[in-house]
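One structure is given below, encoded as structure tokens.
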Amino acid sequence: MHDEFEYGVIGGGLVGASLAYGLAKRGRKVVMFDEADIARRASRGNFALVWVQGKGAAFPVYSDWTIASAMAWSSLAAELEDLTGIHLHHRRPGGFVLCLGEDELAERARDLASLKAHNPDYPYEMLDRRELAKVLRQVGPDVVGASYCALDGDVNSLLLLRSLHMALAQHGGTSLPGRKVLDIGRDGRGFRLKTQSGEVHVDKVILAAGLGNMELGSKVGFDVPVRAQRGEIMVTEKIAPFLHHPMHIIRQTNEGGVMIGDSHEEADDYNSVSMPIQSFMARRAVRMFPCLEALNVVRMWSALRVLSRDGYPIYAQSSTHPGAYLVTCHSGVTLAAAHADRLVPALISGARDTIIDSFGLERFHAEAA
Amino acid sequence: MIGLNSIRELDDRYGLIVIGAGPAGMAAAVEARRHGVGTLVLDENAAVGGQIYRSITATTQKRLAILGKDYAKGAELTEAFAASDAAYLARATVWRLGAEREVAVSHDGVSRLIKADRILVATGAMERPFPVAGWTLPGVMTAGAAQILLKASGAVLGPKTVLAGSGPLLWLLASQYLAAKVPLLAILDTTPKGNLRKAIAHLPGFLTSPYFRKGIGLMARVQRAVPIYSNVENLRAEGYGQLEHVRFRAAGRQHVLSVDHLLLHHGVVPEVNMLRSVGCDLVWDDEQMCWHPVADADGRTSVAGIYVAGDGRAIYGAEAARFGGRRAGLEIAKSLAAVDDATFERTRAEIDKGARPYLRGRIFLDRMFRPRQEHVAPADDAIACRCEEVMGATVRDVATRLKAQGPNQMKAFVRCGMGPCQGRQCSLGITATIAEIRGITPGEVGAYRIRPPLKPIDVGQIAGLETIAEDRH
């Protein structure tokens with residue numbers, strides 16, 4: 001086994017794998033570490049939206065970053081499909097946020113108008129019930145309207161994860177699953193990564209370990225302001241396609257199952273689901289689409305979002321440990337394209353990059369002061 | 001028992017909820033009620049008995065003659081249960097068990113959440129999946145399913161029926177078919193040749209088991225009447241759209257038999273999904289080649305207030321399950337201060353004495369009928385996960401190339417175990433395949449995490465959970 005690499009990426013989820021793949025395809029010698037079969041993972045539990053609308057209302061640069069990634073997604077999907085033969089089922093038919101009641105609709109219109117104030121080209125429309133029903137015929141009587149953004153889409157995120165892992169290998173990258181990184185030490189100008197079974201030298205290290213970044217960050221001078229936020233999901237049996245657009249809390253997967261996910265809890269136990277929350281989600285989903293009522297649910301789960309204090313990504317290089325980078329976000333699916341093809345070149349070149357600089361840790365220090 | 005007709009008749013809370021009305025569940029309920037514990041039994045079937053005594057309350061003399069004395073024994077226990085005043089809801093599906101002993105139960109299209117001070121999981125065993133090529137073809141079913149047809153409606157399959165596999169139930173079903181005067185085309189005994197050598201040291205223990213005499217007589221009767229192929233390897237079911245023939249290797253030769261029905265069986269394993277989902281610790285038992293919940297002799301699991309008894313704890317059969325259930329019922333009564341020390345000690349001694357013969361010599365059976373690895377880990381051209389149609393070759397490829405460490409990573413990569421059966425049919429096979437490739441034990445590989453619902457349940461019932469609670473208050 002090679003035990004010296006130019007880049008070590010800690011984390012084999014969507015964020016880590018996007019970065020490792022982006023590095024490997026640019027000819028960098030990269031190793032990606034992941035934990036054992038069971039760990040606190042976000043990538044295996046996500047909702048699989050490639051989503052733009054509503055993001056970055058208070059932080060326009062994040063809105064731009066999200067749009068850039070959504071626009072770049074088709075080429076990432078095509079490239080991965082060519083390489084691995086796995087069809088990712090990426091689509092961008094435009095997405096809806098359905099509103100139950102006039103209050104929800106008014107609030108939605110206000111939020112999107114504020115985005116438009118920052119970005120006059122911000123692409124969205126508000127639809128009333130009559131207009132909406134033309135596109136989504138099964139929509140229930142309680143839905144009074146919706147917002148629509150043509151840039152929204154979705155993908156099969158599990159196949160994305162698999163194809164990123166395959167593509168990494170095809171570009172000569174090394175994957176070390178079952179090798180949790182326990183410690184990071186200095187090693188000349190690089191780093192020594194200590195795992196349960198041996199040490200690996202890397203010149204540069206990228207922390208992409210989700211919630212694990214909190215502990216790992218402390219080894220290389222980062223104080224990582226992230227927390228876990230639990231989201232719950234249920235998925236139904238497979239049925240013939242009837243939802244041709246993703247919605248922020250309901251989508252039909254390419255396999256035919258309908259995913260319903262509509263919760264935000266401040267909790268870090270991902271091993272259980274809450275019956276009141278599942279019931280709440282089911283009630284709202286049935287109000288949106290009464291035809292869902294008769295479908296069998298085959299699975300409920302919860303997963304942990306990795307949320308920074310302001311909810312936006314963090315991209316940073318350590319000031320005390322140059323060559324150590326921190327990458328964290330809660331939109332690993334949407335931002336996969338930006339991470340692989342925009343963030344990676346910036347990391348490699350080392351030159352200052354205005355977009356990436358905006359996502360540094362300084363904004364939290366300013367907030368504290 | 002007090003038979004309930006509607007989910008609305010359930011109380012919000014019980015002293016004890018028993019899940020499963022097989023021998024362990026019924027015996028536990030009878031014992032707990034004897035000491036005054038408020039007890040509810042929930043069971044999926046239309047009548048009590050579990051799988052082993054299925055349809056015992058509605059059987060006929062003719063069927064009893066075919067099914068034999070051990071089946072008839074179930075009547076005694078079901079009568080004792082009927083005479084008790086435990087509450088009982090039939091056709092009730094428990095689809096979630098929460099660590100705070102909250103049970104989500106569905107009946108007639110309505111779901112409710114109810115609570116108990118103690119829960120006894122008596123959900124029994126399931127047949128070990130037999131993932132050979134063609135095992136999902138119409139015409140292939142398990143021996144256990146064929147026996148349910150016999151118990152529930154006296155139906156037999158014929159005329160070109162083959163039994164394949166190993167273990168006591170295979171021979172029992174064959175003898176029941178003989179008693180029903182239905183010919184079997186052949187028995188393909190897949191028991192590996194070397195098993196006897198590994199088991200023989202434990203034969204003396206087994207000689208003292210009540211199952212020895214029964215088993216030896218039954219096998220002899222079947223062997224006289226049915227052609228047997230021994231040491232069968234590379235079993236596969238083949239056919240275009242439905243089963244047409246079975247292909248296998250025996251005594252150094254390839255064989256092909258033209259058949260209508262193939263009944264597969266190679267042992268039973270505890271059904272542990274409910275216990276796993278609520279966070280009970282499980283361990284890999286290499287003798288029985290399955291997961292066992294960690295539990296003491298009273299059935300206490302690692303989660304407070306949750307107990308397990310019967311074949312869901314470890315495979316010892318119906319008689320042992322009855323005693324195990326009774327002992328758990330007694331212990332639960334004691335934990336709720338419903339029984340005095342003297343009665344407890346006396347009753348427990350009586351139970352243990354009764355159970356003893358049925359616990360003897362099990363290791364002989366485990367070793368004698370240990371299944372073939374090639375029939376446990378799905379072959380490349382066998383479907384590994386029926387729900388998601390994942391082939392054995394895909395699982396091997398991902399375990400090798402992407403180095404998936406365990407079944408949960410495998411699930412994320414290829415969707416195995418994501419379907420409505422919640423991995424019941426593929427869990428052991430996926431774990432076995434990964435263990436083989438990684439060169440470690442199944443215990444080290446681990447198993448799928450189990451999520452609710454344990455059985456599929458419609459969105460409307462989940463949406464309705466809260467409103468029912470509101471209606472009642």
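The values are calculated or read from the model by the stated rules, or taken from the named source; none is laboratory data. Nothing here was measured: the structure is a model prediction, and the numbers come from that model. Every residue, glycine as well, gets a Cβ built from its backbone with ideal geometry; the counts of neighbours run over all protein chains shown. What goes into the accessible areas is simple: the full protein's heavy atoms, side chains included, and nothing from ligands, DNA or RNA. Shrake-Rupley method; radii C 1.70, N 1.55, O 1.52, S 1.80 Å.
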For B:Lys193, list the aspartates and glutamates whose Cα falls under 12 Å from its own Cα; do not include residues on the same chain fewer than 8 positions away.
-> B:Glu233
With N denoting the number of residues in chain B, provide Rg(C-alpha) divided by 2.2 N^0.38 Å, to two decimal places.
-> 0.97
The range A:28-140: Cα Rg divided by the 2.2 N^0.38 Å rule of thumb | 1.38
With label points set 7 Å from each Cα along the Cα-to-Cβ direction at B:Lys62 and B:Ile2, the distance between them in nm comes to 4.0 nm
Between A:Asp310 and A:Lys134, what length comes free when the chain is fully extended (0.36 nm per residue of separation minus the Cα-Cα distance, one decimal in nm)?
-> 59.6 nm
Relative contact order computed over the range B:129-266 (Cα-Cα under 8 Å; 6+ residues apart), in percent = 39 percent
Just the accessible area for A:Phe191, please: 1.4 Å probe, Å², rounded to the nearest 10?
-> 0 Å²
Could you please put B:Lys214, B:Lys198, A:Lys134 in sequence from largest to smallest accessible area, using a 1.4 Å probe?
-> A:Lys134, B:Lys198, B:Lys214
Quick one: compute the contact order of the range A:219-369, relative version, from alpha carbon pairs under 8 angstrom and 6+ residues apart, as a percent.
-> 26 percent
Loop-only check: which chymotrypsin sites (Phe, Trp or Tyr not before Pro) in the range A:200-274 are DSSP coil with at most 15 other Cβ within 10 angstrom?
-> A:Phe242
Take the alpha carbon atoms of the range B:246-370, find their radius of gyration, then divide it by 2.2 N^0.38 Å using N residues; give the quotient.
-> 1.40
If you place +1 on the Cβ of every Lys and Arg and -1 on the Cβ of every Asp and Glu, how big does the dipole about the Cα centre of the protein assembly as shown come out, in debye to the nearest 20?
-> 2760 debye
Diffusion constant of the protein assembly as shown at 20 °C, which comes from Stokes-Einstein with the Kirkwood Cα-pair radius and 1.002 mPa s, µm²/s = 73 µm²/s
Tell me, Kirkwood radius of the range B:377-445 from alpha-carbon pair distances, in Å?
-> 11.3 Å
q = 0.17, 0.20, 0.33 Å⁻¹, the range B:371-411: log10 I(q)/I(0) [Debye, one scatterer per Cα] = -0.44, -0.60, -1.13
Ignoring ligands, DNA and RNA, how do B:Trp171, A:Trp301 rank by accessible area with a 1.4 Å probe, largest first?
-> A:Trp301, B:Trp171
Could you give the distance between the Cα centres of the range B:347-415 and the range A:313-352, to the whole Å?
-> 43 Å
In Å², rounded to a whole number, the accessible area per residue of the range B:377-445 with probe 1.4 Å is 33 Å²
Above 29 angstrom, tally the Cα pairs of chain A and express them as a % of all pairs, no decimals.
-> 41 percent
Quick one: which of A:Lys29/B:Lys411; B:Lys73/B:Lys334; B:Lys160/B:Lys214; B:Lys403/B:Lys455; A:Lys25/A:Lys204 span more than 21 angstrom between C-alpha atoms?
-> A:Lys29/B:Lys411; B:Lys73/B:Lys334; B:Lys160/B:Lys214; B:Lys403/B:Lys455
Apply 1/(1 + (r/R0)^6) to the Cβ-Cβ distance of A:Glu107 and A:Asn254, taking R0 = 30 Å, and write down the FRET efficiency to the nearest 0.05.
-> 0.40
Order the following by accessible area, largest value first: B:His107, A:His365. Probe radius 1.4 Å; ligands, DNA and RNA are ignored.
-> A:His365, B:His107
B:Glu9 versus A:Asp353: modelled label distance in nm, points set 7 Å from Cα along the beta carbon direction | 6.8 nm
Once the Cβ-Cβ distance between A:Ser74 and A:Gln196 is put in as r, and R0 is 45 Å, what FRET efficiency do you end up with, to the nearest 0.05?
-> 0.70
For the range B:286-388, the dipole about the Cα centre with charges only on Cβ (Lys and Arg +1, Asp and Glu -1), to the nearest 20 debye, works out at 420 debye
Computed D for the range A:212-369, Stokes-Einstein, Kirkwood radius over alpha-carbon pairs, 10 °C, 1.306 mPa s, to the nearest µm² per second, is 88 µm²/s
Mean projected area (nm²) of the alpha-carbon convex hull when the range B:118-240 is viewed from all directions = 10.6 nm²
Rounded to the nearest 10 Å², the accessible area of B:Asp341 using a 1.4 Å probe with every protein chain kept is 100 Å²
How much length is gained if the chain between B:Gln223 and B:Asp108 is pulled fully straight, taking 0.36 nm per residue apart and subtracting their Cα-Cα distance, in nm to one decimal?
-> 36.8 nm
Per principal axis, descending, Cα span of the range B:1-95 in whole Å | 43, 27, 19
Alpha carbon convex hull of the range A:227-308, projected area averaged over orientations, nm² | 5.6 nm²
What figure in square angstrom, to the nearest 10, would you give for the accessible area of A:Glu266 with a 1.4 Å probe?
-> 120 Å²
Most mobile of A:Arg284, A:Arg92, A:Arg110 per a Gaussian network model of chain A (Cα springs, under 10 Å)?
-> A:Arg110
What is the calculated FRET efficiency for B:Ser258 to B:Glu444, with r their C-beta to C-beta distance and R₀ = 51 Å, to the nearest 0.05?
-> 0.75
After finding the eigenvalues of the alpha carbon gyration tensor for the range A:95-149, what semi-axes result from the square roots of 5 times each, listed largest first in whole Å?
-> 21, 12, 6
